[in-house]
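These notes are about the structure you will find just below.
The values are calculated or read from the model by the stated rules, or taken from the named source; none is laboratory data. Quick caveat, the model's predicted, so the values are computed rather than measured. Cβ: placed from backbone, ideal geometry, glycine included. Neighbour counts: every protein chain shown. Side chains are part of the model used for accessible areas, which takes the heavy atoms of the whole protein and leaves out ligands, DNA and RNA. Shrake-Rupley method; radii C 1.70, N 1.55, O 1.52, S 1.80 Å.
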Amino acid sequence: MADNAEGAAPPPPASGISKTPAEFLKAIKGKPVLVKLNSGVDYRGILACLDGYMNIAMEQTEEYVNGQLKNKYGDAFIRGNNVLYISAIGGRT
């Protein structure tokens with residue numbers, strides 16, 4: 001039988017570690033993150049918490065528009081329906 005037979009499980013990720021989205025979000029809580037909004041604006045800061053609607057609370061938040069720092073906030077709250085994605089910054093999670 002061929003290695004790539006239909007119905008065969010996909011190969012594991014190169015790192016050998018796979019996480020569900022929920023596991024990833026738990027792992028990055030309290031760590032630096034990049035939050036990209038649908039509008040294209042980026043927020044970078046420490047992920048304080050988030051809920052099932054992807055509402056996000058951040059600390060030490062910086063706002064970037066077109067790659068340029070526009071503002072700094074102590075704390076920020078981002079409504080989940082505006083979030084395009086969340087990415088960990090720096091080391092692996």
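Name the residues in segment 16-25 that are over 14 Å from residue 54 (Cβ atoms) and either of a type in the set (D, E, K, R) or at pLDDT 55 or above (or both), would you? I'd like the intermediate steps shown before the answer.
First, the residues of segment 16-25 that are over 14 Å from residue 54 (Cβ atoms): 16-20, 23.
Selection gives 17, 18, 19, 20, 23.
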For segment 52-73, how many residues meet the condition of being closer than 16 Å to residue 25 by Cα and either aromatic (Phe, Trp, Tyr) or out of contact with any strand residue (DSSP E or B) (no Cβ under 9 Å at 6 or more places or on another chain) (or both)? 2
Which count do you get for residues in segment 50-79 that are within 15 Å of the chain's Cα centre (by Cα) and at pLDDT below 95? 5
Filter segment 37-91 for residues that are open to solvent by 80 Å² or more (accessible area, probe 1.4 Å) and touching a residue at least 40 places away in the same chain (Cβ under 8 Å); which is farthest from residue 22 (Cα to Cα)? 39
Can residue 28 be described as modelled with pLDDT under 95 and surrounded by 15 or more Cβ atoms within 10 Å (Cβ to Cβ)? yes
